[in-house]
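> I have a structure here, written as structure tokens, and I will follow up with some questions on it.
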Amino acid sequence: MNAGQFLERIYEIKSQGYNIEKVENWVMEIFGLERDVIYSKGRRKIQVAARSLLCYWAVRELGLTATELAKRLGVTQPAVSYAVSRGKRIAKERNCRLVL
């Protein structure tokens, strides 16, 4: 996907009303977790998977920067970058998409 296609995809998703709160809610539904569990510092496998998917969709689909998301999650920017990579794998393994 080139830069133009990437920006078009972000615009399309945002025009459908998606924002970070909707993405959070979708991740909460997929994993059956509460928002505070996703944002807590724990390292349980399900927590890490949920945070990773949130990071992947927020960065790759909504266009948030890793720095913005790091502040929101209370982690470092490199941690978000690693989570995006994990989130991509999780989305593929679970065959789940942000936009249905």
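> Restricting to region 28-53, name every residue that is touching a residue at least 24 places away in the same chain (Cβ under 8 Å), crowded, with 18+ Cβ neighbours inside 10 Å and outside any helix (DSSP H, G or I).
Across region 28-53, there are no qualifying residues.
> Follow-up. Write out, first by first residue and then by second, each pair whose Cβ atoms fall under 6 Å of each other, whose residues are 6+ apart or on separate chains, and whose first residue, in region 55-71, is free of Cβ contacts under 8 Å to residues at least 60 places away in the same chain while the second is hydroxyl-bearing (Ser, Thr, Tyr) and surrounded by fewer than 20 Cβ atoms within 10 Å (Cβ to Cβ).
Sorted first by the residue in region 55-71, then by its partner, the pairs are 66/81; 70/76.
> For region 7-24, enumerate the residues that are within 16 Å of the chain's Cα centre (by Cα) and either among the aliphatic types (A, V, I, L, M) or surrounded by 12 or more Cβ atoms within 10 Å (Cβ to Cβ) (or both).
9, 10, 13, 14, 18, 19, 20, 22, 23, 24 - these are the residues of region 7-24 that are within 16 Å of the chain's Cα centre (by Cα) and either among the aliphatic types (A, V, I, L, M) or surrounded by 12 or more Cβ atoms within 10 Å (Cβ to Cβ) (or both).
> Additional query: Of all residues being of a type in the set (A, V, I, L, M) and assigned to a helix (DSSP H, G or I) in region 74-85, which is surrounded by the fewest Cβ atoms within 10 Å (Cβ to Cβ)? Just the residue, please.
As a first pass, look at region 74-85 and keep what is of a type in the set (A, V, I, L, M): 75, 79-80, 83-84.
From the residues that got through so far, the ones that are assigned to a helix (DSSP H, G or I) too are 79-80, 83-84.
On the way: 79: 16, 80: 27, 83: 26, 84: 20.
Checking each candidate, the answer is 79.
> Restricting to region 54-73, count the residues that are β-branched (Val, Ile, Thr) and part of a helix (DSSP H, G or I). Write out each step before concluding.
If we filter region 54-73 for residues that are β-branched (Val, Ile, Thr), which is where we start, we get 59, 65, 67.
Next cut, part of a helix (DSSP H, G or I) only: 59, 67.
Looking only at that region, the number is 2.
> Going through region 58-87 one residue at a time, which ones are of a type in the set (Lys, Arg) and either within 19 Å of residue 21 (Cα to Cα) or under 9 Å from the mean Cα position of the chain (by Cα) (or both)? Steps first, please.
Restricting attention to region 58-87, the residues satisfying the condition of being of a type in the set (Lys, Arg) are 60, 71-72, 86.
Scanning region 58-87 gives 60, 71, 72.
All of the numbers you see were taken from the coordinates with simple rules; none came from a lab. For clarity, every value in this text was computed on a predicted model and none was experimentally measured. As a convention, Cβ positions derive from the backbone with ideal geometry for all residues, glycine included, and neighbour counts pool all protein chains shown.
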